[in-house]
Amino acid sequence: MHRRRSRRSAAVLGLAATLGVTACSAGATGAATPLATGRISLTYLQKQGDQGYFTAEAAGARAKAAELGIDLKVVDLGTDARRAVNEVKDAAAGQRSGVIAVLPDPAAGPDVVEAAKAGKLPLLTSDDQVCATDPDPSACRSGDLVPRIGFNGTQLGAALGQRAADEYRKAGWSQADTRIVSLWKFDVTVCTDRINAAKDAFIGGAGASIQKLDVLTDNTVEGARAQLATVLGEQRGIRHWIVWGCNDENVQGGVTALQQAGVTPDNTIGIGLGAYLACKDWQTGAPTGMRAALFINGRDVGARAVQTMYDHLRHGKPLPAEVAVAPVMVDAATWQKSGLSCT
C-alpha cells in the first residue's frame, strides 16, 4: 500500500510539474509560453453519455471545439470508470494534446492521473471532483484535487434546500406527517456535498427539523424508484413528502415511487437537479410532484472546459483549481425562458 501511495504521489508531482511549466515561464519572461503550437487535439471522456445533461455538455464541447479549430474526440465511458485509464493511455499513444474527463467513479482518479502523467498529458476534469492521491475526493488535500470546471456542490445543495423550504412554508404542512427523502449514490462525494447542504439550507429556511430518510441509489430513475418503493411501506401515516437528490434522475424516480404508492402531486414537493427530466413533466401540463428544479447548463460547462484547456495549451494559462458555473432555479412557469432545451 505504501509503495502504491508513493507512486501516486510521484504522479501528482510529475503532473504538477507539467502544468506548472506555464507559471515558471511566465515569471521568467513576463509572458506565458504556449504548450502547443500546432493544431490542438483533445479527448473528452464523459460518463453516462445518454443522460440529458451530459448530452448537452458534449454538444457544448463540440461547438466550442469547432469554433476554436480543435480536433475533439468525445468518448462515452458509460458507467465504466476503469475504461477511463485505458482511454487516457490511448490519448497519449495517439499524441493528443490534452484530456478532459468526467469519471463515472472518482475512485479511478489516482490511476487516471498516473496515466496522464505517464503520457505527459495535461488533465482537466469537468463536473465531479477527482483526487490525484486518494480514491475518495472528500479525503483529499486541496492541492491534490485535479483542476475542475463544473459547479459547487454546496451551492447546488443550498439552492435545493432553500427552494424546498419555500415550498414547504407555502404548503402549510405539519412536521409530524411530513418526511424528507434524500436519494443519492453514497460514495459520490459531490452528491454527498449537495445532500448535506440541502438539509442545512432547508432547516434554516423552513424553521423546521423534519425527519429525513437517506436512500441509497445508483443515481438512475429506476434505481431511485425501486429503492424508495421498498422504504415507503415502512412509513405509515405520512401524508406529505419532500424529495431531493443528487440529480434529476433521483428526484424523478422518487416522485414516481410516491405517485405509484398513491401519494398525490399536491402532497409531494420534488426539487430536481438538472431540470432535463423535470421539464418533461412540465411540458405535459399535467399535475406533477416535481415543483421546481435547478438548471445547470451542460453546454456552458462543456464549452468552458474546452476553452480552458485551449487557453492552457495555446496561451500557457495555468489550469484553474476550480471554475464554478452558476445554476438557475426553474419551474413550470419559468423553464422555457431559461434556455433549457427539453428533449
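Counting only DSSP beta bridges with both residues in the chain, what percent are antiparallel, rounded to the nearest 5?
10
Do me a favour and compute the ellipsoid semi-axes for region 138-284 from its Cα gyration tensor, root of five times each eigenvalue, largest one first, whole Å.
Square roots of five times the eigenvalues give 25, 17, 15 Å.
Sorted by packing (mean other beta-carbon atoms within 10 Å per residue), highest first, where do 149-160, 257-268, 121-132 land?
Order by mean packing, descending: 121-132, 149-160, 257-268.
If each of S138 and A63 carries a label point 7 Å out from its Cα toward its Cβ, how far apart are those two points in nm?
Using points 7 Å along Cα→Cβ, the separation is 3.5 nm.
Residue by residue through region 130-147, which ³J(HN,Hα) values in whole Hz follow from phi under the Karplus form 6.51 cos²θ - 1.76 cosθ + 1.60 (θ = phi - 60°), with glycine and proline marked x?
With coefficients 6.51, -1.76 and 1.60, one gets 9, 9, 7, 10, 9, x, 10, x, 5, 9, 8, 5, 4, x, 9, 6, 6, x Hz.
Run the quick spin-label model on C342 and S209: label points 7 Å from Cα toward the beta carbon, then report their separation in nm to one decimal.
The answer from the label model is 3.9 nm.
Apply the a/c threshold of 1.5 to the C-alpha gyration tensor of region 250-343 and tell me whether it is rounded, prolate or oblate.
Verdict is prolate for region 250-343.
Where the centre of each part is set by its Cα atoms, how far does region 302-339 sit from region 27-104, in angstrom?
Value for the Cα centre distance between the two parts: 15 Å.
Given R₀ = 35 Å, what would the calculated FRET efficiency be for A118 paired with T154, taking r from the Cβ atoms and rounding to 0.05?
0.55
Please tell me the relative contact order of region 130-255 in percent, rounded to the nearest whole number, where contacts are Cα pairs under 8 Å and at least six residues apart. Let's see the in-between values first.
On the way: 211 pairs, mean separation 37.0, N = 126.
Normalised by residue count, the contact order of region 130-255 is 29 percent.
Please compute, over every Cα-Cα pair in the chain, the percentage with a separation greater than 29 angstrom.
41
Provide the FRET efficiency to the nearest 0.05 for the D187-H315 pair, computing r from the beta carbons and using R0 = 35 Å. Display every interim value, and only then the final one.
Details: r = 37 Å, r/R0 = 1.07.
Between D187 and H315 the formula returns 0.40.
Would you mind telling me the antiparallel percentage of the DSSP bridges in region 210-343, rounded to 5?
35
Quick one: go through region 65-92 and flag any residue whose amide nitrogen is under 20 Å from the point 7 Å out along the Cα-to-Cβ line of A226.
78-81
Can you list the aspartates and glutamates whose alpha carbon is less than 14 Å from that of K199, not counting same-chain residues fewer than 8 positions off?
List returned: D166, D214.
Go through 135-144, 325-334, 245-254 and give me the packing order, highest mean Cβ count within 10 Å leading.
Descending mean neighbour count gives 245-254, 325-334, 135-144.
Show the residues, 5+ positions off or on another chain, whose built amide H is closer than 5 Å to the amide H of R148.
The list, which skips near neighbours in sequence, is T125, E322, V323.
In whole Hz and in residue order, list the ³J(HN,Hα) couplings for region 102-109 that follow from phi through the Karplus curve 6.51 cos²θ - 1.76 cosθ + 1.60, θ = phi - 60°; x for Gly and Pro.
Computed from phi, the couplings for region 102-109 are 10, 7, x, 9, x, 4, 7, x Hz.
Could you grab the relative contact order for the chain? Cα pairs under 8 Å, six or more apart, rounded to a whole percent.
Numbers: 743 pairs, mean separation 68.1, N = 343.
Across the chain, relative contact order equals 20 percent.
Hey, which lysines would be in cross-link range of K117, C-alpha to C-alpha under 23 Å, not counting anything within fewer than 8 residues on its own chain?
K47, K73, K89, K317
Please give the contour-minus-distance gain from D76 to R169: 0.36 nm per residue of separation, less the Cα-Cα distance, rounded to one decimal in nm.
Stretched fully, the D76-R169 segment lengthens by 29.3 nm.
Residue by residue through region 38-48, what is 3J(HN,Hα) from phi via Karplus (6.51 cos²θ - 1.76 cosθ + 1.60, θ = phi - 60°)? Round to whole Hz and write x for glycine and proline.
Values per residue, Gly and Pro as x: x, 5, 7, 10, 10, 10, 10, 8, 10, 9, 6 Hz.
Where the eigenvalues come from the Cα gyration tensor of region 76-127, what are the semi-axes √(5λ) of the equivalent ellipsoid, largest first, in whole Å? Before the final figure, lay out each step's value.
Values: eigenvalues 54, 22, 20 Å².
Values for region 76-127, descending: 16, 11, 10 Å.
Which value, in Å to one decimal place, does the Kirkwood hydrodynamic radius take for region 178-220 when every pair of different Cα atoms is included? Before the final figure, lay out each step's value.
On the way: mean 1/r = 0.0916 Å⁻¹.
Result for region 178-220, one decimal place: 10.9 Å.
Could you list the residues of region 156-185 with an amide nitrogen less than 12 Å from a label point located 7 Å from the Cα of R239 in the Cα-to-C-beta direction?
172-178
Region 41-148: which chymotrypsin sites (Phe, Trp or Tyr not before Pro) are DSSP loop and have at most 10 other beta-carbon atoms within 10 angstrom?
Sites meeting the loop and neighbour criteria: none at all.
Return the distance in nm (one decimal) between the two label points of a simple spin-label model at Q283 and A176, each offset 7 Å from Cα along Cα→Cβ.
Taking the simple label geometry, Q283 and A176 are separated by 4.3 nm.
All of the numbers you see were taken from the coordinates with simple rules; none came from a lab. Model, not experiment: these values are computed from the prediction. Virtual Cβ from ideal backbone geometry, glycine too; neighbours counted across all protein chains shown.
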